[in-house]
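Report on the structure given below.
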Amino acid sequence: MDNHTKTDYISWTILIGLLLLVVEITFFNKGLVFSIIFAGFLLYFGGKRLYSSIGKLIFGLGCLVLFFTATDMIVFKFFIFAVIAYVLIYFYKSKNRPLLIQPVVKETDDRGTKLIKSEQMFKNVFYGRQKTPEEIYEWHDVNIQTGIGDTRIDLSNTVLPKGESVISIRNFIGNIQILVPYDIEVSVSHSVLTGTTVIFDEANDRLFNQSLVYRTDHYDLAIRKIKIMTSMGIGRLEVKRI
């Protein structure tokens, strides 16, 4: 969703929620106002006496009354549905239009020292799919945390600098695919709660709460090499030659 669509969605959600609240109080649950006022009364007087045991008890009771009152409301269920719908729509669109980030811009500080400022290839995202560009791009080490979504890194479209380059990805739910040229040595350190891995010719199905470590034969002596460190809750890691 673009910013305009997001604003419209939130505005309509709030408007419909307010209308549902008015309808619920007027026709279906006239005692709702009393419950909210009673909970507010408990929270107010309990909050003023939090230093005492009775104050904490009253405040806790107010929280419980407010919680059970809210969860029983139609408007509360509507907002839960709206949030879930927003997450699903956002995730669907991000899967079909992955975010592409390319290095940009050079700046100068006040002393005239030349600074190179690069937009990182990948960003921390809560939802969404990210991948490297299809065309040639400048390499920057990757160090990201993601929530739900897939990450695809194709190293055949870049030139790794001499030494050890690093890919570090912490993912909650989703798949990670890393495509490595044949002339690059690789080290893989992977931990997963539950999922699968395919690392070159080595496949592991039904992993549960495990850590795996692999490296190619000539990794220590290689001029250019890539160190891959990944961890995920649920998902699949694939590292293959291209």
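The values are calculated or read from the model by the stated rules, or taken from the named source; none is laboratory data. All of these numbers come straight from a predicted model, not from anything done at the bench. No Cβ is skipped: glycine too gets one built from the backbone with ideal geometry, and neighbour counts run over all protein chains shown.
Taking Ile176 as meeting all but one of (1) closer than 30 Å to Val83 by Cα; (2) loosely packed, with under 13 Cβ neighbours inside 10 Å; (3) modelled with pLDDT of 90 or more, write down the number of the exception.
That leaves (2) as the condition not met.
Per-residue answers, yes or no, for (1) in the same structural domain as Arg215 (by TED's automatic domain parsing); (2) among the aromatic types (Phe, Trp, Tyr); (3) touching a Cys at 6+ places or on another chain (Cβ under 8 Å); (4) under 20 Å from Thr230 (Cα atoms):
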| site | (1), (2), (3), (4) |
| --- | --- |
| Ile136 | yes, no, no, no |
| Gln145 | yes, no, no, yes |
| Ile148 | yes, no, no, yes |
| Leu155 | yes, no, no, yes |
| Glu164 | yes, no, no, yes |
| Ile167 | yes, no, no, yes |
| Phe172 | yes, yes, no, yes |
| Leu179 | yes, no, no, yes |
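Return the residue satisfying two criteria in turn: it lies in region 195-206 and is part of a strand (DSSP E or B) and either of a type in the set (Lys, Arg) or closer than 19 Å to Arg241 by Cβ (or both), and of such residues it is farthest from the chain's Cα centre (by Cα).
So the residue we want is Glu202.
Restricting to region 118-130, and then to whatever is over 15 Å from the mean Cα position of the chain (by Cα) and either of a type in the set (Lys, Arg) or surrounded by fewer than 16 Cβ atoms within 10 Å (Cβ to Cβ) (or both), can you tell me which residue is nearest to Glu238 (Cα to Cα)?
Gln120
Of all residues in region 207-235, which are part of a strand (DSSP E or B) and either without any contact (Cβ under 8 Å) to a residue 12 or more places away in the chain or aromatic (Phe, Trp, Tyr) (or both)?
If the condition is that a residue be part of a strand (DSSP E or B) and either without any contact (Cβ under 8 Å) to a residue 12 or more places away in the chain or aromatic (Phe, Trp, Tyr) (or both), then Phe208, Tyr214 are the ones that fit.
Any idea how many residues of region 155-173 are part of a strand (DSSP E or B) and buried (at least 18 other Cβ atoms within 10 Å of the Cβ)?
Of the residues in region 155-173, 4 are part of a strand (DSSP E or B) and buried (at least 18 other Cβ atoms within 10 Å of the Cβ).
So which residues in region 12-22 are under 14 Å from Met73 (Cβ atoms) and either outside any helix (DSSP H, G or I) or not aliphatic (A, V, I, L, M) (or both), if there are any at all?
The answer is Gly17, and nothing else.
Can you run down the residue pairs with Cβ atoms below 6 Å, 6 or more apart or on separate chains, where the first is in region 183-201 and in contact (Cβ under 8 Å) with a residue 40 or more places away in the chain and the partner is surrounded by fewer than 18 Cβ atoms within 10 Å (Cβ to Cβ) and aromatic (Phe, Trp, Tyr)?
Glu185/Tyr219; Ser187/Tyr219; Val188/Tyr214; Thr194/Phe208; Ile199/Tyr214
Within region 23-60, can you find the residues that are closer than 20 Å to Asp72 by Cα, at pLDDT 80 or above and loosely packed, with under 13 Cβ neighbours inside 10 Å?
Once the filter is applied, which keeps residues that are closer than 20 Å to Asp72 by Cα, at pLDDT 80 or above and loosely packed, with under 13 Cβ neighbours inside 10 Å, region 23-60 yields Phe34, Ile37.
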